[in-house]
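The values are calculated or read from the model by the stated rules, or taken from the named source; none is laboratory data. Bear in mind the structure is a predicted one, so any value in this text is a computation, not a measurement. For neighbour counting, all protein chains shown are included, and Cβ atoms are generated from backbone atoms with ideal geometry for every residue, glycine included.
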There are 2 protein chains.
Amino acid sequence: MNKAAKILIYTPSDASTYADMLKEKGFTNVHAATTSEEAEANLPETEILMQWKFPLHLLERPEASSVKWVQSLGAGVDDLMRSTSIREDIVITRVVDQFGGPMSEYVFAQLLYVYQDIARSQAAQKERSWQPFLTQLLQGQTIGIAGLGSIGKEVIRKARAFDMQVYGLSYSGKEAHLVDRHFGPNEWHDFVKDLDVLVLILPLTEQTRHAVNRDVLLAMKPSACLVNIGRGSLIAEEELIDVLRSGHLRAAILDVFEQEPLPADNPLWTLPQAYITPHMSGPSTQERLGQYLLANLRRYGKGEPLTGVVDRKAGY
Amino acid sequence: MNKAAKILIYTPSDASTYADMLKEKGFTNVHAATTSEEAEANLPETEILMQWKFPLHLLERPEASSVKWVQSLGAGVDDLMRSTSIREDIVITRVVDQFGGPMSEYVFAQLLYVYQDIARSQAAQKERSWQPFLTQLLQGQTIGIAGLGSIGKEVIRKARAFDMQVYGLSYSGKEAHLVDRHFGPNEWHDFVKDLDVLVLILPLTEQTRHAVNRDVLLAMKPSACLVNIGRGSLIAEEELIDVLRSGHLRAAILDVFEQEPLPADNPLWTLPQAYITPHMSGPSTQERLGQYLLANLRRYGKGEPLTGVVDRKAGY
């Protein structure tokens, strides 16, 4: 690759921002597309496709034969893994090590909001009411983290600073040494039963889809908090709604959903234990993501190993 | 001291709870008082006074001649230091090392509430509105901690886990090695000028009273957050109100005030940048405080050094 290799950047929103960043750094053959039509028009001779929500079926066209590398602009690639349109010889990469900081801040912001009952303090302030109450502490509570990649590790690090006991569940077991107790994929019940907080950060694969079903939810303590910052389909969402309606679980802090945007008629919007945010826990600032893309392009140019190469067999 | 030495426990609320805890552990001569009259009636022959908001003038009476030790039930002893009624030979102790966990959780709960704009997420959920927005991160921000005792150390530890830069101001300078930059009592301006967050945990003494005045507040960045979990009078409150009204400072997170309860007509209740809580950031659960008192009583009984002895000259 030289700096004239054709790069196509596709996102439904800010593709031209990233294209401009690359052009500024001397890449000359950079094209931006935000619609399926633009994507199709720009596809011929594209070598590198940097994309989020690209119309993947286009990759079956003869015009896509020049594509050698697909860089996802996010951490999750379950859509790419489900697609049968991406030739085996195309290298797929995803963004890694960018989300640990922001996503762990989201987790602790939301948990502390619930534990410290800030809603109650806010309401009291509106009424100028001076009524001290005892808040609950994270200190001494047990947090379970499902998914021990770079994001999970950041959640662990902060949980330690809050003097929490830390359990973990992972499929590879590689990072078992980071947690006080480690569980494998067949041990969901044992994993969740003593947790005060369960945080889901697993990638979505055939194995993890609906891993958190009614049985697992009911195995949790009624007072436990569930946090999902991974993928909506890690949870059987209909079953979660039933379980919350029955009064089980203290809080469900949800940033991801089976259907996004979350439809206006979804009961989760109004369930008293549900804390809903619109898939925003792991934001990349444009600047930071641009730097990440540039670094990977440089590695590609020098023939060095790319960062974030996806193992198609593992699915992430 | 033997287990029959007379102990008087005084708090306006739950004195009998602590009295019962001590009796259960074999202390036989334990008395509880919640009013000035009860305090007066129980004072004769008292050797150990465990108290919060005790009517200190009673200690000038001849009946108080038997008192050898006053244990405060809180961390701050500025009321005892101001009093001239406590004989020099009476040992004063305060509660230490009990508040770091709870108070640092309060600090990060409130800061993350502001930084993540959870109020906005909550309002959006009420309207079933799916509008992701970019939150601000603590990561990379500079936090300044005024007061580097056991509570300050816990705030430092958590700030490190959030990858913040940590500045500190203290009067003794003993713990200067814990922070990236340390400032002394004559360096308030230099200390605050680059901070994103200023947390006040200093004891209230003649030196620290109104240390955070209009000049210091105006030296802070307009976007900075102020957090006070120390004592209300560390801040010149009227001047803070003026400064907030002028639009300076992003947030003032206040758990303590010059007058408590905060009067209903105090403008802080309604200023848009003010986050008000009723002196509750450092709660002792009755159980934990009871254990603390028992441990100090055992040390007293064995003639060992007490925990939390107040240096009357330093004022804390």
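Observations
- Any pair with Cβ under 6 angstrom, 6 or more apart, that starts in the stretch A:260-283 at a residue that is within 20 Å of B:Asp117 (Cβ to Cβ) and at the interface with chain B (Cβ under 7 Å from one of its Cβ atoms) and ends at one that is surrounded by fewer than 18 Cβ atoms within 10 Å (Cβ to Cβ) and acidic (Asp, Glu): A:His279/A:Glu260
- Single condition A:Tyr292 does not satisfy, out of (1) in contact (Cβ under 8 Å) with a residue 24 or more places away in the chain; (2) aromatic (Phe, Trp, Tyr); (3) within 14 Å of chain B (Cβ to nearest Cβ): (3)
- Taking the stretch B:207-224 as the range and being of a type outside the set (Ser, Thr, Tyr), part of a loop (DSSP other than H, G, I, E, B) and closer than 30 Å to B:Arg94 by Cα as the test, the residues that pass are B:Gln207, B:Arg209, B:His210, B:Ala211, B:Asn213.
- Residues located in the stretch B:54-79, provided they are surrounded by fewer than 18 Cβ atoms within 10 Å (Cβ to Cβ) and either in contact with a strand residue (DSSP E or B) (Cβ under 8 Å, 6 or more places away or on another chain) or of a type in the set (S, T, N, Q) (or both): B:Ser65, B:Ser66, B:Lys68
- Candidate set from the stretch A:246-259 (those that are within 14 Å of chain B (Cβ to nearest Cβ) and among the aliphatic types (A, V, I, L, M)); member that is nearest to A:Ala109 (Cα to Cα): A:Ile253
- Test: residue in the stretch B:248-260 that is among the acidic types (Asp, Glu), surrounded by fewer than 21 Cβ atoms within 10 Å (Cβ to Cβ) and not assigned by TED's automatic domain parsing to the domain that holds B:Val77: yes
- Of all residues making up the stretch A:265-284, the number that are among the acidic types (Asp, Glu) and at pLDDT below 95: 0
- Counting only strands (runs of 3 or more DSSP E) that sit completely within the stretch A:225-301, those holding 1 or more residues that are hydroxyl-bearing (Ser, Thr, Tyr) and within 22 Å of A:Leu198 (Cβ to Cβ) correspond to A:274-276.
- Residue in the stretch B:223-241 that is charged (D, E, K, R) and more than 22 Å from the chain's Cα centre (by Cα) present: no
- Residue-level check: of (1) farther than 28 Å from B:Gln122 by Cα; (2) surrounded by fewer than 16 Cβ atoms within 10 Å (Cβ to Cβ), A:Pro185 misses just (2).
- Matching option when the condition is modelled with pLDDT of 95 or more, of a type in the set (Lys, Arg) and loosely packed, with under 14 Cβ neighbours inside 10 Å, among A:Arg245, A:Arg214, A:Arg231, A:Arg298: A:Arg245
- All helices (runs of 4 or more DSSP H) inside the stretch B:96-206 with 1 or more residues being in contact (Cβ under 8 Å) with a residue 24 or more places away in the chain, under 29 Å from B:Ser83 (Cβ atoms) and within 10 Å of chain A (Cβ to nearest Cβ): B:100-115
- Failed condition for A:Pro203, given (1) more than 25 Å from A:Tyr115 (Cβ to Cβ); (2) in contact with a Cys (Cβ under 8 Å, 6 or more places away or on another chain); (3) not hydroxyl-bearing (Ser, Thr, Tyr): (2)
- Every test in (1) at pLDDT below 95; (2) under 20 Å from A:Leu234 (Cα atoms); (3) among the aromatic types (Phe, Trp, Tyr) is passed by A:Tyr167 save one, and that test is (1).
- Condition met for B:Val243 (more than 18 Å from B:Ile145 (Cα to Cα), more than 14 Å from chain A (Cβ to nearest Cβ), of a type in the set (A, V, I, L, M) and without any contact (Cβ under 8 Å) to a residue 40 or more places away in the chain): yes
- Screening A:Tyr18 with (1) over 25 Å from the mean Cα position of the chain (by Cα); (2) in contact (Cβ under 8 Å) with a residue 60 or more places away in the chain gives one miss only, at (1).
- Members of the stretch A:78-95 found to be in contact (Cβ under 8 Å) with a residue 40 or more places away in the chain and basic (Lys, Arg), listed by number: A:Arg94
- Identity of the residue in the stretch A:97-140, under 27 Å from the mean Cα position of the chain (by Cα) and within 16 Å of B:Ile276 (Cβ to Cβ), that ends up surrounded by the most Cβ atoms within 10 Å (Cβ to Cβ): A:Gln116
- Any hit, the stretch B:134-151, residues being more than 21 Å from B:Phe99 (Cα to Cα), of a type in the set (Ser, Thr, Tyr) and modelled with pLDDT under 95: yes
- Taken as a whole, the structure places A:Glu304 among residues that are charged (D, E, K, R) and within 25 Å of A:Thr28 (Cβ to Cβ).
- Residue within the stretch A:285-293 that is at pLDDT 95 or above and under 22 Å from the mean Cα position of the chain (by Cα) present: no
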